[in-house]
Structure formats: C-alpha cells, structure tokens
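Below is one structure, written out as structure tokens; comments come after it.
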Amino acid sequence: MKNTALTQKHIALGAKMVPFAGYNMPVQYEGVNAEHETVRNGVGVFDVSHMGEFFLKGPKALDLIQKVCSNDSSVLFDGKAQYSCLPNGKGGIIDDLIIYRVNAQEYFIVVNASNIEKDWNWIASHNDLGVEMQNLSDDYSLLAIQGPKAALAMQALTNIDLSNMTYYTFQYGTFAGIENVMVSATGYTGSGGFEIYVKNEYAAKLWDAVFEAGAAFGIKPIGLAARDTLRLEMGFCLYGNDIDDSTSPLEAGLGWITKFTKDFTDSEFLKNQKEEGLTRKLVAFEMMERGIPRHDYPILDPAGKVIGKVTSGTMSPSMKVGIGLGYVATEFTSLDTEIFIEIREKGVKAKVVKLPFYKA
C-alpha cells in the first residue's frame, strides 16, 4: 500500500486510516458530520495526493485530448479547466477527469487514483500523434482547501488574488513561499475553495503553512468520508459507484460533457443512443420515510418490482434526510416520481428530486 507525502501528518493527528485506491488514506479525524459542517460553513483541508497527474505536450496535444475525451476541449484557453470523461469504446466510461490548459501545447490532466494505470494505457494506446506524455502521479501532492472561508484564510499565503478566481480556472504563483505552484479554483464539495498542486518535497511545508494561516478561521483536516457526503449532497458522480465501464455518460446525466461537435471515441455510438432514447438513467432521490439508502440496495416500483439499484447513498449531514443516486428504468425518472428503496427486505418510500440536494 502506498503512502502520500503527508501520511505521517494524518497519523500524528489521530486520523483513522484506511486503504483506498491502493493508498493509506485518512477516512476521518473527529467524525464525518463535524468535518462535513466544517467545510460547508468554514474551511477544511483534504489530502488528495493519491489522484493521478499526466502532462501532455506538443503541437498535437489538443488533438489527442479531443480524440479520447467526450467534452470539446477546443474551447479551453490558458488558465481554464474542464470536466470530461474517457469513453471506453463500448459506450461506457473508463474514467472522469479534469483537463487543464497550461498553453496551446501543454495540458495537465487529473485522473482518479484507482484508474491511473488504466487511463495512462488507454491514452497512450491512442497516441499516434507524437504527443509527449508524462505520468507524474507519484511526484505530486495535492491539497483541496474547501469551504466558504477558503479564499480569506489562504490569501496571506499567495500573490494570486484568490477571491477573484472564477470556478474552473487556475493560475501559477507563489504559495506558502513555494514558487510556481498551481492553484486551481476547483473541488468536489460544492462549497468553493481551491486545489493546490506541489511537488512531494514541498508537501509538508505547504500543509504546515496552510494550517498556520487558517488557524484564525477554524481550519481543520477533513477525511475521505466527509468528502463523500459533501460530493453526494451536490450530486457529483463518484467513479466506481455512479459511473464505470458499464454506464454511458448519457445515462449518467453527463450529456453536458458529451459534445457531438467533434469526433471522439464512441461519438457515433453515443449519438445513436441519444437518438434512439435511453432505457435507464441516473436519478437523484430523497427518502420520504426514515431510512438510509446504501450502495447496491434495490430500487423498487410501487408494486415491489425491481427497477434499478442505488449507486450512492447516505444520511445527508446538512439536510438530516436520506439521499441517494441510482439507475432506474426511464419511465421512473420524472421529478416527484414515487419509488421505494429496499432496506432490510422492506420497501421504504422515496421520491425523485432535482440536483443538487443541498442548496447553500
């Protein structure tokens, strides 16, 4: 099992450590609900150094990205990031990822930890364009500093104007005395904030400086469990749960990152799927009766027939109600449709709702 450059920091803070995507990661410190509230109302820090980082360079870098990714990256400009996915040639999803345009011939791609090797091999297998590829996943550490107080808490550490950075943009600057740091106005929580990329040798220095600067703002370390409840309240997909090699981006509600203005892997397949109509879709639902939906619980129609299954579910810390995502037959996807989640062999009433679950 791999450690991040900050593993010893988490252990010293008393974090509960668990194996995740081949890494020894902190799942929680003081408790999921308390950590969740810290990010929703203040500022918290996640070590997400397990994520993968690829650099694609050269005059054909964009062409390669356009070929393997579903979104249209030709709209990117220097300092702009974009959410996209890698279709797998069979209508499913290899991974979801974020593409950063550094300049016209240099792109930075961030992928999920569990898919680093799979993604690298897939992109490399399509690289007949002479694009220089670098897998720097083991060289970089990544802190996600999230919450409404993130900009205020971190401004003293950097020459970048954090409060004026717009969502899904990034800049290079000095941060915590470290030069040429990439600061990205992205995150997985829906509460604003930044993601800071540094080489591993600077990770401990960055961590200490972030906590010193944030002390007056009540900054706290946050584990993966609260990361999951935060992203679920926003309806953000988690690879391996809500999307995988068997789900199409259209079924997953990711039509907005599936652009038919260009040719890409599976573009014809997905175009046909859109025209013919889907047989199932990912829906968001809220429990109408007491019960916590969990991954893989069956979803039933009012007659008790199985119509799908839960892909993600939890008790929402912000709303104090059970919420979840799941694939169901398309006739059950309209808002306010009554469905039932099978919990301990009993159908518990829920209804289809609009995302996000949590509205600030």
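Listing for the model above:
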read-out: Residue, surrounded by the fewest Cβ atoms within 10 Å (Cβ to Cβ), within the stretch 4-48, restricted to residues that are of a type outside the set (A, V, I, L, M) and in contact with a Phe, Trp or Tyr (Cβ under 7 Å, 6 or more places away or on another chain); value: G14
read-out: E212 closer than 30 Å to Y172 by Cβ and either of a type in the set (D, E, K, R) or not assigned by TED's automatic domain parsing to the domain that holds G177 (or both); value: yes
read-out: Subset of the stretch 59-78 [among the small types (G, A, S), surrounded by 18 or more Cβ atoms within 10 Å (Cβ to Cβ) and either on the phi > 0 side of the Ramachandran plot or not in a loop (DSSP other than H, G, I, E, B) (or both)]; value: A61, S73
read-out: Residue match in the stretch 51-58 (condition: assigned to a strand (DSSP E or B) and among the aromatic types (F, W, Y)); value: yes
read-out: Unmet criterion (only one of (1) in contact (Cβ under 8 Å) with a residue 40 or more places away in the chain; (2) closer than 15 Å to I93 by Cβ; (3) crowded, with 16+ Cβ neighbours inside 10 Å) for S246; value: (3)
read-out: A81, sole failed condition from (1) in a helix (DSSP H, G or I); (2) of a type in the set (A, V, I, L, M, F, W, C); (3) within 23 Å of R227 (Cβ to Cβ); value: (1)
read-out: Selection status of G324, in contact with a Lys or Arg (Cβ under 7 Å, 6 or more places away or on another chain), touching a residue at least 12 places away in the same chain (Cβ under 8 Å), surrounded by 20 or more Cβ atoms within 10 Å (Cβ to Cβ) and assigned to a strand (DSSP E or B); value: no
read-out: Selected residue (only one of A5, A61, A34, A21 is over 26 Å from L136 (Cβ atoms) and aliphatic (A, V, I, L, M)); value: A34
read-out: Hits in the stretch 304-321 - residues which are of a type outside the set (A, V, I, L, M, F, W, C) and either crowded, with 20+ Cβ neighbours inside 10 Å or more than 17 Å from G253 (Cβ to Cβ) (or both); value: G304, K305, G308, T311, S312, G313, T314, S316, P317, S318, K320
read-out: Qualifying residues in the stretch 69-96 (those that are of a type in the set (A, V, I, L, M, F, W, C) and in contact with a strand residue (DSSP E or B) (Cβ under 6 Å, 6 or more places away or on another chain)) - the one farthest from R280 (Cα to Cα); value: L76
read-out: Residue identified as at pLDDT below 95, on the phi < 0 side of the Ramachandran plot and within 25 Å of the chain's Cα centre (by Cα) among A284, A252, A360; value: A360
read-out: When residues of the stretch 81-100 are limited to those that are of a type in the set (D, E, K, R) and closer than 19 Å to N135 by Cβ, the one nearest to the chain's Cα centre (by Cα); value: D96
read-out: Checking S73 against (1) in contact with a helix residue (DSSP H, G or I) (Cβ under 8 Å, 6 or more places away or on another chain); (2) in contact (Cβ under 8 Å) with a residue 40 or more places away in the chain, the condition it does not meet; value: (2)
read-out: Close pairs from the stretch 335-351: first in the same structural domain as D301 (by TED's automatic domain parsing) and within 11 Å of I307 (Cβ to Cβ), partner basic (K, R) and surrounded by 13 or more Cβ atoms within 10 Å (Cβ to Cβ), Cβ under 6 Å, at least 6 apart; value: F340/K349
read-out: Filtered residues of the stretch 201-241 (kept if small (G, A, S) and either in contact with a Phe, Trp or Tyr (Cβ under 7 Å, 6 or more places away or on another chain) or not in a loop (DSSP other than H, G, I, E, B) (or both)); value: A203, A204, A209, A213, G214, A215, A216, G223, A225, A226, G235
read-out: Within the stretch 87-200, strands (runs of 3 or more DSSP E) holding 1 or more residues that are buried (at least 20 other Cβ atoms within 10 Å of the Cβ), of a type outside the set (D, E, K, R) and not assigned by TED's automatic domain parsing to the domain that holds G58; value: 140-146, 170-175, 178-184, 193-199
read-out: When residues of the stretch 299-321 are limited to those that are of a type outside the set (G, A, S), assigned to a strand (DSSP E or B) and under 25 Å from the mean Cα position of the chain (by Cα), the one farthest from G235 (Cα to Cα); value: I299
read-out: Scope the stretch 255-280; condition over 25 Å from the mean Cα position of the chain (by Cα) and at positive phi; matching residues; value: G277
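The values are calculated or read from the model by the stated rules, or taken from the named source; none is laboratory data. Model, not experiment: these values are computed from the prediction. Quick reminder, even Gly has a Cβ in these numbers, built from the backbone with ideal geometry, and neighbours come from all protein chains shown.
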